Amino acid sequence: MTTVQDLKTPATNTWCPGCGNFGILVALQQAIVEMGWEQHEVLIVAGIGCSGHICNYVNTYVFEGLHGRPVPVAIGAKLANPNLHVIVMAGDGDTYGEGLNHFINGIRGNHDVTMIVHNNGLYALTTGQSSPASDKGFKSPSTPAGLIEPALNPLALALTQNGSFVARTAAFDMKQQKEVFMQAFKHKGFSFVEVMQHCVTFNHVKSLAFLREHVKPITGHDVKNRAAALQLALSHELYTGVFLDDERRKSYSEEIGSLVVAGPTSEPIQISDLMDSMK
Ligand SMILES: Cc1ncc(C[n+]2csc(CCOP(=O)(O)OP(=O)(O)O)c2C)c(N)n1
Ligand code: SF4
């Protein structure tokens, strides 16, 4: 059985001391262990960013690709090998900036991957420029006089685009993080988890102290109630926990298994047989 020790790598960690990414890394490793998954059964796909460096620190299959593009890589890997547990680890710049179309289409397709977004509210690796997750007025090297646009609301976006699993947690909360990750892993379909991650070097507004003070764990909420989930997502409160976990919508894998297309002989062809023949 895989242990947390097995999931460590000898790579030197280059994250800044105190970075929220450490909490995400440990919670991820613990969740993989508690799922009972073997190392060779897990693929982590990341984009480029401080968040993407997580590929260097988890001893499973990993793929660090292009900034903004981890979702299509993950979807392709899952379609090619449905037995693989595929997890995307990406930054808020990666996901809500260059990768926004992939994020929406991943949700739309309800593909069987988990997407964990390290939301530190800026582009950290490139030294702190504002991202689509930065708040209006945020001052950064790219917006020295303050950001004009309001922040994107990714949870509301996912909920209004038929997302089947939507959650938010915080990098400092190890217990909740691990539980939310595991619930996301068990979900059939696209499971989206946003982690509020403190960046000690560049984000002095949404700092660890700010997040500790402002996050509010959700209580007494029905995770199958999309309207109630949307209300929580649109609230000014920083709610954490599972907003929606609803498997009434079939996942992409379930849909593709039941598709029938007409072949040249006009005999029906089962897509699943076709996929199997290519293995
Ligand atoms: C296609 C492409 N566009 C832009 C970049 C430059 N780039 C590298 S990392 C990065 C920002 C990363 O920010 P984010 O995704 O929020 O991750 P973080 O570093 O905050 O974890 C950018 C813009 C790149 N490497 N490739
Ligand atoms: S720059 Fe920010 S996000 Fe990147 S490693 Fe340092 S603290 Fe973490």
Hits in the range 53-70 - residues which are over 17 Å from residue 10 (Cα atoms) and within 14 Å of the chain's Cα centre (by Cα): 68, 69, 70
From the options 190, 181, 172, residue that is over 14 Å from residue 240 (Cα atoms) and more than 12 Å from ligand 1 (Cβ to nearest atom): 190
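Looking only at the range 52-59, decide whether some residue is more than 14 Å from ligand 1 (Cβ to nearest atom) and outside any helix (DSSP H, G or I).
Pass one, the range 52-59, residues more than 14 Å from ligand 1 (Cβ to nearest atom): 58-59.
Going one step further and asking which of them are outside any helix (DSSP H, G or I), we end up with 58-59.
For the range 52-59, residues more than 14 Å from ligand 1 (Cβ to nearest atom) and outside any helix (DSSP H, G or I): present.
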Selection status of residue 48, surrounded by 22 or more Cβ atoms within 10 Å (Cβ to Cβ) and either within 16 Å of ligand 1 (Cβ to nearest atom) or under 19 Å from the mean Cα position of the chain (by Cα) (or both): no
Pair list, Cβ < 6 Å and 6+ apart or interchain, from the range 167-189 residues that are polar (S, T, N, Q) to residues that are in a helix (DSSP H, G or I): 169/176; 169/177; 169/180; 177/27
Those residues of the range 63-86 which are more than 22 Å from residue 277 (Cα to Cα) and in a strand (DSSP E or B), in sequence order: 63, 64, 86
Of residues in the range 164-192 being assigned to a loop (DSSP other than H, G, I, E, B) and touching a strand residue (DSSP E or B) at 6+ places or on another chain (Cβ under 6 Å), the one nearest to residue 133 (Cα to Cα): 171
Residue ID - nearest to residue 215 (Cα to Cα), chosen from residues in the range 120-140 that are touching a strand residue (DSSP E or B) at 6+ places or on another chain (Cβ under 9 Å) and within 8 Å of ligand 1 (Cβ to nearest atom): 120
Among the residues listed as 119, 101, 105, the single one being among the polar types (S, T, N, Q) and under 24 Å from residue 59 (Cα atoms): 119
The range 2-31 - residue that is outside any loop (DSSP other than H, G, I, E, B) and out of contact with any helix residue (DSSP H, G or I) (no Cβ under 8 Å at 6 or more places or on another chain) and, of those, farthest from ligand 2 (Cβ to nearest atom): 29
In the range 135-155, the residues that are under 16 Å from the mean Cα position of the chain (by Cα) and either surrounded by fewer than 18 Cβ atoms within 10 Å (Cβ to Cβ) or not assigned by TED's automatic domain parsing to the domain that holds residue 203 (or both): 152, 153
Filtered residues of the range 193-246 (kept if in a helix (DSSP H, G or I), within 22 Å of residue 93 (Cα to Cα) and more than 16 Å from ligand 1 (Cβ to nearest atom)): 210, 233, 234
Residue count for the range 97-113, restricted to those that are surrounded by fewer than 24 Cβ atoms within 10 Å (Cβ to Cβ) and either within 16 Å of ligand 1 (Cβ to nearest atom) or assigned to a strand (DSSP E or B) (or both): 5
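The values are calculated or read from the model by the stated rules, or taken from the named source; none is laboratory data. Note that the structure is a prediction, hence the values are computed from the model and not measured. Here Cβ is always computed from backbone atoms with ideal geometry, including for glycine, and neighbour counts include all displayed protein chains.
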